[in-house]
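Worksheet for the structure shown next.
Quick note: the coordinates plus some simple rules give every number you see, no bench work behind them. What you are looking at is a predicted structure, and each value in this text was computed from that prediction instead of being measured. Here the Cβ positions follow ideal geometry from the backbone for every residue, glycine too, while neighbour counts run over all protein chains shown.
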Amino acid sequence: MSDCLRQVSDRSRATADESPPTCFVLLTRGYVMWYVCRSKAMHTGINESFMGFNFLKKNNNMATINNGVIGRASGKVGAVIASSWKSINYLKGLPKKRTKGMSEEQLIQQDRFLKISKFLMPITPILQVGFGLSKTEKMTPTNVALQLNIAQAVTGTYPNFSLDYSKIEISTGSYLNGGGMEAAVDNGILSIYWDTILNSLYKTKADDQVIILVYSPEKDEFMTAPTPPTRAAGTIDIVIPAHLLGGKGHVWIFFTDRKAEKVSKSTYLGEFDLA
């Protein structure tokens with residue numbers, strides 16, 4: 001665990017100027033390990049950090065700096081933290097220490113957040129493509145995905161929330177998908193089919209990439225095609241690993257051009273017996 005934290009710290013220092021002024025959760029094998037704030041200079045415990053659950057809300061304690069007398073600043077200075085993201089400089093006050101327990105409403109919101117973040121965080125590279133074209137001036141693609149899916153895919157009542165996999169979206173956009181798409185499993189092979197007809201209005205291309213995601217709830221594992229197939233291929237066969245056989249698999253698909261400048265909304269193809 002110490003090695004993992006060290007890697008997180010190193011990565012935070014390396015990318016502090018590119019990271020958004022938000023917070024995110026790091027996951028290790030499906031468990032929440034640490035709640036890391038936007039600033040490279042602050043790491044707070046999860047119980048303290050979730051008290052406001054403001055990562056999807058406007059932060060009233062944050063100020064921006066256009067051309068300050070000290071120029072560009074970063075790091076912790078007294079009671080504030082200075083940082084920048086997408087050429088915007090920010091000042092954010094340090095959080096106050098918590099003196100009382102969380103309210104029931106805060107506990108409910110925390111549990112909903114943990115439920116969907118546990119699912120989405122391991123597929124961050126896919127979300128960066130699937131939500132990369134969203135309006136993310138103040139949010140990362142991953143946080144856009146969190147905001148969307150926490151509202152529509154988390155079901156049930158506290159403390160027994162669950163995920164409606166049919167409502168989870170792993171991409172959003174107006175690019176044309178694969179028309180009549182379907183999937184089937186036979187003899188340990190997942191086969192997926194889509195239309196190859198090109199559309200001149202949407203300017204679809206034969207070399208468009210097809211992104212496929214498979215999730216096993218029993219093993220809490222994801223699987224993708226080793227190399228994304230193209231739109232022109234029309235089909236792909238994915239060999240199911242032996243340790244996933246016998247369980248269930250949820251399948252999603254979406255389309256993007258080669259430069260990821262056009263993305264389709266993801267389609268949930270259904271739940272299948274991985275036999």
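Measuring r between the beta carbons of residue 186 and residue 151 and using R0 = 35 Å, the FRET efficiency lands at 0.45.
Karplus-derived 3J(HN,Hα) values for the stretch 155-172, using 6.51 cos²θ - 1.76 cosθ + 1.60 with θ = phi - 60°, are 10, x, 10, 5, x, 10, 6, 9, 10, 8, 4, 5, 9, 6, 10, 10, 7, 8 Hz; glycine and proline are entered as x. Using 0.36 nm times the number of residues separating residue 108 and residue 260, minus their current alpha carbon distance, what extension gain do you get? So the chain would gain 51.1 nm between residue 108 and residue 260.
Taking Cβ atoms as reference points and 14 Å as the exclusive limit, the residues near residue 188 contribute a net charge of -3, counting Lys and Arg as +1 and Asp and Glu as -1. Rounded, prolate or oblate for the stretch 126-275? Axes are the square roots of the Cα gyration tensor eigenvalues, ordered a ≥ b ≥ c, and the cut-off for rounded is a/c under 1.5. In terms of gyration-tensor shape, oblate. When the square roots of the Cα gyration tensor eigenvalues are ordered a ≥ b ≥ c, the ratio a/c for the stretch 138-200 is 1.5 or more and a/b does not exceed b/c, which makes its shape oblate.
Other residues lying with their Cβ under 13 Å from the Cβ of residue 174 contribute a combined charge of +1, Lys and Arg counting +1, Asp and Glu -1.
With the simple spin-label model, which puts each label point 7 Å out from Cα in the Cβ direction, the residue 158 to residue 206 separation comes to 5.6 nm. Magnitude of the charge dipole for the stretch 153-275, about its Cα centre and with charges confined to Cβ atoms of Lys, Arg (+1) and Asp, Glu (-1), is about 460 debye. A crude spin-label estimate for the pair residue 242 and residue 199, with each label 7 Å from Cα along the Cβ direction, gives 4.3 nm. Run the paramagnetic zone check for residue 174: 7 angstrom along Cα to Cβ, then residues of the stretch 114-143 with backbone nitrogen under 17 Å. In the stretch 114-143, the label zone of residue 174 (backbone N under 17 Å from the point 7 Å along Cα→Cβ) covers 131-136.
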